[in-house]
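To start, the structure itself, in structure tokens.
The values are calculated or read from the model by the stated rules, or taken from the named source; none is laboratory data. These figures come from a predicted structure and were not determined experimentally. Cβ atoms come from the backbone with ideal geometry, glycine included; neighbour counts cover every protein chain shown. Surface areas here come from the heavy atoms of the whole protein model, side chains and all, with no ligands, DNA or RNA. Shrake-Rupley method; radii C 1.70, N 1.55, O 1.52, S 1.80 Å.
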Amino acid sequence: MVRHPGAHIIRVFPHQEDTVTTRDGDSSMKRLSDIGYPRLLLLVLTVAIIGGLLFAISTSSAAFSSYSMKWNGATELRSVASDSGAESRIVRDTAGYADVNPNDTVAVVISPNTAYEPAERSRVKKFVRNGGTLIIAEDFGGHSNQLLESIGASARIDGRPVRDVQYNYRSPAMPVIRNTSNHRITKGVDTLTFNYGTAVRPHDSTVLATTSNYAHIDTNQNRKLDTNETLTATPVASTERVGKGRVIVIGDPSLFINAMIDQSDNRAFIHNSFEGHRIVMLDYSHSARLPPLVRAVMTLRTSPPLQILIGIIGILGFAGWLRRPRQWISDLYRDSSEQNAPKISEKELMDYIERHHPEWDSQRIERVVTALHEHRK
């Protein structure tokens, strides 16, 4: 379509929906369909693939991971830290214990998969003895007891399943802990719900919670009460002073996962453990693997040379982008226009207009044809 001075808008090609800009300055935007549906489909697929890739490298499927939104993940743990007024901080190396003030930090170790090396245990011990709070949640692994021993704590993880035939959630393997002591950590906590947890041998520590009198330790793990097993109240959580700090031991890491954190008063128990601290440090140095994107970001944060290199690359790339004309946009529309435009000579165009507008004189027709060809150029 073209606009001629002093004339109404005319349609030159009835079946062509392209619009042009004429000499009097009027313009209109290209229709979205002019870009081409294959291009749009490619764009949608590209966005979907990139979005899926970013989601995959920024999340984790590992149990107890604070980047896993599955039932056995621990994304809710960070929200509890926020609700208690603390900043959650992920560490993948025990060197992170030296970067915080122990007096206002609580560290959480959830069922480590591998043993802490002597130098690592020394860092954790120093953190606790200088005033830090350490929470260790474990069920059947033996690495936590080694860590407890090295830092000087007396409590130990039993490592055998505890079952309650009377008070439980869905099955005896998920006992409801009905007995809590009068302590700041158990304030407002009437019950806890475990998920295939174990007992805690408190020794000289203070017991925070015990099972009902209908619970027993399944020594041979046959999921039955045998004649050599006794129904009795069993400790499942404890706390004790170690140096200037505190160690809290819980016989079930599942207390922290998404599916269990809102069962009974589990959330309140964790909240109380975090309260009063400025930093909640989640120690994943020996636990769930972090997502690739998270590991990359953490590496960047702790490496000033890498930060400088990335910054230089970004500045150079941005400068190059500014200097280069945005030719790809022009190419996109030009290619589309060339594909959709009819191949017609100047004489054929004049004949077409003359047939459909016999009332126009030759000069007017020439002006319209000239405007169209200038637009094509």
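Structure values in brief
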{"quantity": "Heavy-atom accessible area order for Met350, Met281, Met174, largest first, 1.4 Å probe", "calculated": "Met350, Met174, Met281"}
{"quantity": "Hydrodynamic radius by Kirkwood, which averages 1/r over all alpha carbon pairs of the stretch 117-202, in angstrom", "calculated": "14.7"}
{"quantity": "Relative contact order (%) - criterion: Cα under 8 Å, at least six apart; region: the stretch 173-299", "calculated": "26"}
{"quantity": "Separation of alpha-carbon centers, the stretch 183-203 and the stretch 115-143, rounded to whole Å", "calculated": "20"}
{"quantity": "Where only C-alpha atoms are counted, convex hull volume of the stretch 176-298 per residue in Å³", "calculated": "155"}
{"quantity": "Cβ-derived FRET efficiency at R0 30 Å, Arg278 paired with Glu149, nearest 0.05", "calculated": "0.55"}
{"quantity": "Semi-axis lengths (Å, descending) of the ellipsoid that matches the C-alpha gyration tensor of the stretch 171-227", "calculated": "23, 14, 9"}
